[in-house]
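Notes to accompany the following structure.
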Amino acid sequence: MPLYTYVAFNRKGKEEKNIIDAPNLQAARNKLKAKGLYVRSIQEDREKEERELFPFLSKLLYRIPRKEVGLFCKQLGTLLGAGIPLDKCLLSIIDQVENIYFKKVLIEMRADITEGMSLSESMKKHKTVFPDQYPSLISVGESTGNYENTLHRLAELEEKSSELKSKVQVAMIYPMIMGLLSLGVSIFLLVVVIPQIEQLFASFDAKLPLLTRSVIFLSYVLTNYWFFILGAIAGGFLGFMKWKSAGEGKKTWDKFLLRLPVIGTLLRKILVSNFARNLSILLLNRVPLIVSLNIVSDVVGHTVFKEEIESAIIKIKEGGKLSDSLQGSQVLPQMVLGMLSAGEASDKVPEMMNKLSEIYESEVDTAIKSLTQSLEPMMIIVMGGIIFTIMAAIMTPMYKLTQEIQGM
């Protein structure tokens, strides 16, 4: 069913901007009139066409926060648990959703469900919002007639993922601020201070040391060719992002990150935490192991780990155990494989995976603190080193020049 964006006035004269679904434009106008709204402008929504025209900008322009998805799962699970029909649950949630793009998704889902489609099937049509684990888990719940608990688990999964992402972002704020401050001070010294000092040295025809000449040359290049430098940086960044985002480039980059001393340790713990959490939820909801691993391999978002999981799937199909199939992993430590083996022996793999996710969530917190503590002195040393070098380049010839003037 088409969607229409409108601007209307309510009975109190207040302007409202929103979207509505209807078979045609006239039906949309009649719907709004029945709600007591006076239409100022209305037109068919063009988001789908824009997504097709600009696919590379769709994630940026039509972003739906994961917190919104988690809240939706929690609300839907609560309403369904209260015995409210699915279509009415969605209608109630649609009225509360603030993100316009997520609202459009839910309106389309509700239209599909009223036409006879299941919730899991309607989710499959919106893979960017609902990854593979959503329809897989929901379909199992639909077959048993009880998917309220599944929705609550998915909400918890989104909360944990958002919390983890937030912790990493917060940990990187201080190094980023220090880096930007260092860059700003350096650019100021090179662009503003150094040219003035150079004129002073030139007026005295002073003989400058190599360090000073190098800094003056850098100042000259930065002052006169800054547009070329910005272009080169932008081009290099875009080229790097393109190389890193696909094929062998992504695999090489992922391998490189795993080898880094502190960052590699943190990345491994994040990957193990995500792997264990997602696998435990899928298995607890009776999703078959092979299907669960296929879903998790896409969820982890790391090429090296994905290949290891895919290789393990092949070995399991040939009759191997999960713990044996993952031996030699670059991501999973021996402790995880040992706990997984113990879970297989006691037939409690989902519970063991859940326990592992809890352990590694705590480990991630510790690793983030370690990363922050390591980066702080490093940033101070780098920042101090850059400023010291520039100041040394200024003060050394200045001191010699002062001595020469005093000796006259």
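Working carefully through the options Leu238, Leu183, Leu211, find the one that is closer than 30 Å to Leu375 by Cα, surrounded by 12 or more Cβ atoms within 10 Å (Cβ to Cβ) and either free of Cβ contacts under 8 Å to residues at least 40 places away in the same chain or among the basic types (Lys, Arg) (or both).
Leu183
Go over the candidates Thr366, Thr389 one by one and state the one that is in a helix (DSSP H, G or I), of a type in the set (Ser, Thr, Tyr) and without any contact (Cβ under 8 Å) to a residue 40 or more places away in the chain.
On inspection, the qualifying residue turns out to be Thr366.
What about Gly338, is it surrounded by fewer than 17 Cβ atoms within 10 Å (Cβ to Cβ), small (Gly, Ala, Ser) and part of a loop (DSSP other than H, G, I, E, B)?
Spelling it out, it is not the case that Gly338 is surrounded by fewer than 17 Cβ atoms within 10 Å (Cβ to Cβ), small (Gly, Ala, Ser) and part of a loop (DSSP other than H, G, I, E, B).
Look at Phe102 and say whether it is of a type in the set (Phe, Trp, Tyr), part of a loop (DSSP other than H, G, I, E, B), in contact with a helix residue (DSSP H, G or I) (Cβ under 6 Å, 6 or more places away or on another chain) and in contact (Cβ under 8 Å) with a residue 24 or more places away in the chain.
no
For segment 108-132, name all the residues that are touching a residue at least 24 places away in the same chain (Cβ under 8 Å) and surrounded by fewer than 20 Cβ atoms within 10 Å (Cβ to Cβ).
Glu108, Ala111, Ile113, Thr114, Ser118, Thr128, Val129, Pro131, Asp132
Does Ser203 meet the test of being closer than 18 Å to Ile380 by Cα and of a type in the set (Ser, Thr, Tyr)?
no
Give the number of residues within segment 301-328 that are part of a loop (DSSP other than H, G, I, E, B) and crowded, with 20+ Cβ neighbours inside 10 Å.
2
Every residue, every condition in (1) modelled with pLDDT under 80; (2) within 30 Å of Asn10 (Cβ to Cβ), yes or no:
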position	(1), (2)
Ala28	yes, yes
Lys31	no, yes
Gln43	yes, yes
Ser58	yes, no
Arg66	no, no
Gly81	no, no
Pro85	no, yes
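Quick one: count up the residues across segment 270-308 that are touching a Ser or Thr at 6+ places or on another chain (Cβ under 7 Å) and either closer than 19 Å to Glu158 by Cα or among the basic types (Lys, Arg) (or both).
11
How about segment 1-37: which of its residues are surrounded by fewer than 14 Cβ atoms within 10 Å (Cβ to Cβ), outside any loop (DSSP other than H, G, I, E, B) and among the polar types (S, T, N, Q)?
Hits for segment 1-37 are Gln26, Asn30.
Given the options Leu283, Leu279, name the one that is more than 18 Å from the chain's Cα centre (by Cα) and farther than 23 Å from Thr128 by Cβ.
Going through Leu283, Leu279 in turn, just one is more than 18 Å from the chain's Cα centre (by Cα) and farther than 23 Å from Thr128 by Cβ: Leu283.
So is Leu375 surrounded by 14 or more Cβ atoms within 10 Å (Cβ to Cβ), part of a loop (DSSP other than H, G, I, E, B) and either at negative phi or at pLDDT 80 or above (or both) or not?
Answer is no for this residue.
Against the condition outside any helix (DSSP H, G or I), of a type in the set (Lys, Arg) and closer than 25 Å to Lys315 by Cα, how does Arg286 come out, does it pass?
Considered against the rule, which asks whether it is outside any helix (DSSP H, G or I), of a type in the set (Lys, Arg) and closer than 25 Å to Lys315 by Cα, Arg286 comes out as yes.
Conditions: (1) more than 22 Å from Met172 (Cβ to Cβ); (2) out of contact with any helix residue (DSSP H, G or I) (no Cβ under 9 Å at 6 or more places or on another chain). Phe237 meets all but one. Number of the miss?
Every listed condition holds for Phe237 apart from (1).
Which condition from (1) closer than 27 Å to Gly343 by Cβ; (2) surrounded by fewer than 15 Cβ atoms within 10 Å (Cβ to Cβ); (3) among the small types (Gly, Ala, Ser) is the one that Ser273 breaks?
With (1) closer than 27 Å to Gly343 by Cβ; (2) surrounded by fewer than 15 Cβ atoms within 10 Å (Cβ to Cβ); (3) among the small types (Gly, Ala, Ser) applied to Ser273, the lone miss is (2).
The values are calculated or read from the model by the stated rules, or taken from the named source; none is laboratory data. Only a predicted model underlies this, so the values are computations on that prediction, with no experimental measurement involved. No Cβ is skipped: glycine too gets one built from the backbone with ideal geometry, and neighbour counts run over all protein chains shown.
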